[in-house]
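Participant: Dumping the structure here so I can ask a few things about it.
The values are calculated or read from the model by the stated rules, or taken from the named source; none is laboratory data. If you're wondering where the values come from, they're calculated on a predicted model, not measured in any experiment. Note: ideal-geometry Cβ built from the backbone for every residue, glycine included; neighbour counts use all protein chains shown.
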Amino acid sequence: MTALVSIVIPCYNAERWIAATIDSAIAQTWPRTEIIVVNDGSRDGSLAAARTFEKFGVRVIDQPNRGAPAARNAGLAAAAGDYIQFLDADDLIAPDKIEQQMRLAGECGPEFLVSGSWGRFRDKPSEASFPPQPLCRDAGPVDWLVLKFETGGMMHPAAWLTSRLLAVRAGPWDENRDPDDDGEYFARVVLASKGVRFCRESVSYYRSGLAGSLSGAGSDEAWTSIYRSHALTAGRLRRAEESARTRHACASMFQRFIYESYPWAAESRRRAAAEVAALGGSRLQPEGGPKFQLARHLVGWRLARRIAMRLSR
C-alpha cells in the first residue's frame, strides 16, 4: 500500500497566508496525504479560514496559545502518517514536493532523513531565488551537523520529510518558546537517522522578512533561548563523535552566536565565549557587507554592529 504522508501545519495569527498554505498542501500529487492544521490560539481569523477547508478533508485542531512547537506536537500526536511533512502557516510547497521526496525515501528507506531545495520569498513564490545552499547535499549525520555549525547554514522546516520512525526516535519538539526550535529539533532527527539524502527536485518556499516574526526577534529572552538550544545540540553532536572536527564546529557555532546576539544576552555571550575557549577556539570572523567590514577594522566589530543596527532603523 502507498505510504500515508501527514502534513502538519501549526498556525498562529496567519489569516493572510493560511489559505494559500493549505491550498499548496491540498495540491500535492502524492496520492495519500492527510492535512492537519493546529490553530494555536490565534487572535485573528485564522481558525475560521482554516475551517473553510474542512469540507475538503482538512482536519482542524484548536488549542490555547502554547507556541509553534506545542502545536507541532499536537499535530504529530494526531497524525496517522508513515511520513511527516511539517509546514509553517506562511510557507508553501510545490505540488510535487512530497512525491519527489517519497520516491527517494522509497529507495533509501525510513532510516534516512530527506531534505529538499528551498528558496526565500516575501509576497509571491515566483519571486523566490535558489542560491547554492551548503546543506543541500547528501551527508552522514555527524558530517551534516559539522557542516551546519561551520557554515551557519539552515534548512527550514518545510524542506524536510521525515519518517515516523525517525520522529519517534528523536522525540517531541521542545515546547520552550525558542526562535531556533526547528534547528534544535531537526538536529535530533538528523542524529537519529542514518544520514540525510538531498532531493533537488523537491521544492519548498520559505516566507522571510515579516515584521514581528519570532526568528527575527531581538531580546535577551530570545537569544538566551537560542544559546540553550546551541548548548543542547553541541552536547549531542559531541556525544555522537568526540573529535577535533566536532569541537571546532561547536566552537564556530558558539562564536557565531556571540557575533549575532550582540548586544543582547550578555550572560549567554559570556558562557558562549567560555565554550569557545574550552573547545580550542574558532577562527570565525563576523559576517557583514563591505561597509560593515570596513567599520569593524576601524572601530571593532561591536561598535560596527551598533552603528549598523542604528542605521537599519
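Participant: Please work out which residue is nearest to the chain's Cα centre (by Cα), limiting yourself to region 142-186 and to residues that are within 18 Å of TYR83 (Cα to Cα) and β-branched (Val, Ile, Thr).
Facilitator: The selected residue is THR162.
Participant: For region 257-288, give me each residue that is among the acidic types (Asp, Glu) and either under 22 Å from the mean Cα position of the chain (by Cα) or surrounded by fewer than 19 Cβ atoms within 10 Å (Cβ to Cβ) (or both).
Facilitator: Residues satisfying the conditions are GLU260, GLU267, GLU287.
Participant: Could you list, in sequence order, the residues of region 187-206 that are more than 12 Å from the chain's Cα centre (by Cα) and buried (at least 23 other Cβ atoms within 10 Å of the Cβ)?
Facilitator: VAL190, SER193, VAL196, SER202, SER204, TYR205
Participant: Then there's this: Which of the residues that make up region 4-29 are assigned to a loop (DSSP other than H, G, I, E, B) and touching a strand residue (DSSP E or B) at 6+ places or on another chain (Cβ under 6 Å)?
Facilitator: Answer for region 4-29, where residues must be assigned to a loop (DSSP other than H, G, I, E, B) and touching a strand residue (DSSP E or B) at 6+ places or on another chain (Cβ under 6 Å): just TYR12.
Participant: Does region 137-157 hold any residues that are surrounded by 20 or more Cβ atoms within 10 Å (Cβ to Cβ) and closer than 30 Å to ARG16 by Cα, and which are they?
Facilitator: Correct list: MET155, HIS156, PRO157.
Participant: Can you report the number of residues in region 30-52 which are assigned to a helix (DSSP H, G or I) and of a type in the set (Lys, Arg)?
Facilitator: 1
Participant: Looking at this structure, is ALA48 assigned by TED's automatic domain parsing to the domain that holds ALA89, surrounded by fewer than 21 Cβ atoms within 10 Å (Cβ to Cβ) and closer than 25 Å to MET102 by Cβ?
Facilitator: So ALA48 fails the test.
Participant: Going by the conditions given, is PRO95 assigned by TED's automatic domain parsing to the domain that holds ASP174, within 22 Å of the chain's Cα centre (by Cα), of a type outside the set (Asp, Glu) and surrounded by fewer than 18 Cβ atoms within 10 Å (Cβ to Cβ)? Can you show your working first?
Facilitator: Values: assigned by TED's automatic domain parsing to the domain that holds ASP174: yes; within 22 Å of the chain's Cα centre (by Cα): yes; of a type outside the set (Asp, Glu): yes; surrounded by fewer than 18 Cβ atoms within 10 Å (Cβ to Cβ): yes.
When the stated conditions are applied, PRO95 passes them.
Participant: If you go through region 117-147, how many residues are in contact with an Asp or Glu (Cβ under 8 Å, 6 or more places away or on another chain) and not hydroxyl-bearing (Ser, Thr, Tyr)? Walk me through how you get there before you give the answer.
Facilitator: Within region 117-147, the subset in contact with an Asp or Glu (Cβ under 8 Å, 6 or more places away or on another chain) is 117, 121, 142.
Now narrow it down to the ones that are not hydroxyl-bearing (Ser, Thr, Tyr): 121, 142.
Final tally of qualifying residues: 2.
Participant: From the list GLU184, GLU175, exactly one residue is surrounded by fewer than 23 Cβ atoms within 10 Å (Cβ to Cβ), in contact with a Pro (Cβ under 6 Å, 6 or more places away or on another chain) and on the phi < 0 side of the Ramachandran plot. Which is it? Walk me through how you get there before you give the answer.
Facilitator: On the way: GLU184 fails: in contact with a Pro (Cβ under 6 Å, 6 or more places away or on another chain).
After applying the criteria, what remains is GLU175.
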